[in-house]
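Heads up: the structure comes next, in C-alpha cells.
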Ligand code: UFG
C-alpha cells in the first residue's frame, strides 16, 4: 500500500513510517514541521504542507495516488487547549476538514485518525471501553471528539471508511534507535523523568498527591509507540473488508501511578531521580486505563510491550543520546 502519513515527522508518526516500511508498505509524509522534526523523515518522502492551506493539499494528492491516509497532525497539549481553544479547534477540526475534503476530491476513501483517551473526560468506570460515555473536559478532547463525529457523518454521506484510535499514554521509542519522543516544551511524564535521571531539565515536578488513588498520584495506562503503530496497520487492513466508521481504545489495560513510573525509571536507569511535589495540573483526570478488548478481538491487536520497565527502557536508550 501507499499511505499518506499526516504528521509523520512527529513522535508517533515517525514510528508509523518506520513500521510501515518494515511491513513492505510505502509512505509519504505530510508535515508542516511546526512540532515535527525534519531529521525524523527521509527527505525523499517528505511533503512540507499545512492542513490549514487547502491548496498545498491539492498538490500532494495530485502528485501521488494513495491507498489510505493516517492522520496524526494535531495540537495535543491539554493545558494549552484550555488557554487557546481557537487554535485547537482551528488546527484539529478545521485542518482535518480540509484533509477530508482533499481526500474526497482525490477519491481516497480510507483514513485512520489519531484520537485520544481525552474524549472520555472523567472516567466513570475503572476500565474505559468503547461504550464509555464521551464527555471531554478540555478543548483538546472535544476537538478530537468533533472529528470522530465528522467521520461518522462522512461514512453515511460519502462512504468514507474510517477508524478512530483512542490512544491512552503513548510512550517509549523504537528499540532500533534513531527516532524518539522530543517535544518542545516537554510536558510528558516519562521524558521528564528520564531527563531528571540525566540531570537535565528544570527539575521534575509531580503534579498532585491528593487524588483518590493508591499513592495519591494520577494513574495512567502507558502503551508503546510501536504497538500503536501496529494497530494502525491492522485498522487499514480491517477497513479493506469493513465499511463505516470504527473506534477502538488502545492501552495495556494496566495503570501505573506517577510515583510508580518514577520508581520503575530508577530501576531501569540505576540513577537517583529527585522530584518536587507540586499542585494538581489543570485538566488531569485521576485515573485513565483502557480496556482494549475490542481492538484485540476485532483487529487481532497484540501489544508486544506490556511491561512498564521495558517501555521505559526503550525511552531511556533514546533520551541518553537523542538525534533531535
Ligand atoms: N506529570 C507529572 N509531572 C510531569 C509530567 C506529568 O507529575 O512533569 C503527571 C501528570 O500530571 C499526569 C501524568 O503524569 O498525571 C501523565 O502526564 P502526561 O503529560 O505524560 O500525559 P497525560 O495523561 O496528561 O496526557 C496524555 C497525552 C494527551 C492526552 C491524554 C489523554 O499526552 O495528549 O494522555 O488522557 F490527551
Given the conditions (1) in contact (Cβ under 8 Å) with a residue 60 or more places away in the chain; (2) over 27 Å from residue 318 (Cβ atoms), every one holds for residue 184 apart from (2)
Worksheet item: Could you say whether any residue in the range 29-39 is touching a strand residue (DSSP E or B) at 6+ places or on another chain (Cβ under 7 Å), without any contact (Cβ under 8 Å) to a residue 40 or more places away in the chain, within 20 Å of residue 176 (Cα to Cα) and crowded, with 24+ Cβ neighbours inside 10 Å?
Response: no
Does residue 126 count as within 30 Å of residue 297 (Cα to Cα) and modelled with pLDDT under 95? yes
Note to self: Being away from the ligand (no atom under 14 Å from the Cβ), part of a loop (DSSP other than H, G, I, E, B) and more than 23 Å from residue 291 (Cα to Cα): is that true of residue 150 here?
What the structure shows: no
Scanning the range 268-288 residue by residue, those without any contact (Cβ under 8 Å) to a residue 60 or more places away in the chain and crowded, with 16+ Cβ neighbours inside 10 Å turn out to be 268
Scanning the range 168-191 for residues that are farther than 23 Å from residue 250 by Cα and within 12 Å of the ligand (Cβ to nearest atom) gives 185
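Scan the range 191-223 residue by residue and report those that are under 20 Å from the mean Cα position of the chain (by Cα) and farther than 19 Å from residue 263 by Cβ.
223
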The condition of being in contact with a helix residue (DSSP H, G or I) (Cβ under 8 Å, 6 or more places away or on another chain), over 22 Å from residue 158 (Cα atoms) and at pLDDT below 95 holds, among 46, 77, only for 77
Check whether at least one residue in the range 203-217 is within 25 Å of residue 179 (Cβ to Cβ), more than 10 Å from the ligand (Cβ to nearest atom) and surrounded by fewer than 16 Cβ atoms within 10 Å (Cβ to Cβ), and report yes or no. no
The condition from (1) out of contact with any helix residue (DSSP H, G or I) (no Cβ under 8 Å at 6 or more places or on another chain); (2) on the phi > 0 side of the Ramachandran plot that residue 177 misses is numbered (1)
Filtering the range 1-25 down to residues that are touching a strand residue (DSSP E or B) at 6+ places or on another chain (Cβ under 9 Å) and assigned to a loop (DSSP other than H, G, I, E, B) yields 1, 7, 8, 9, 10, 25
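Mind checking which residues of the range 192-202 are assigned to a loop (DSSP other than H, G, I, E, B) and within 8 Å of the ligand (Cβ to nearest atom)? Break it down stepwise before answering.
Residues of the range 192-202 assigned to a loop (DSSP other than H, G, I, E, B): 198-202.
Of everything in the range 192-202, nothing turns out to be assigned to a loop (DSSP other than H, G, I, E, B) and within 8 Å of the ligand (Cβ to nearest atom).
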Of the candidates 235, 265, 295, the one satisfying the condition of being within 16 Å of the ligand (Cβ to nearest atom) and either crowded, with 18+ Cβ neighbours inside 10 Å or over 27 Å from residue 114 (Cα atoms) (or both) is 265
Note to self: Tell me yes or no: at least one residue of the range 273-288 is at pLDDT below 95 and more than 12 Å from the ligand (Cβ to nearest atom).
What the structure shows: no
task: Would you confirm whether any residue within the range 100-110 is out of contact with any helix residue (DSSP H, G or I) (no Cβ under 9 Å at 6 or more places or on another chain) and more than 23 Å from residue 165 (Cα to Cα)?
output: no
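The values are calculated or read from the model by the stated rules, or taken from the named source; none is laboratory data. Since we're looking at a predicted model, the values are computed, not measured. So basically every Cβ, Gly included, is an ideal-geometry build from the backbone, and we count neighbours across all protein chains shown.
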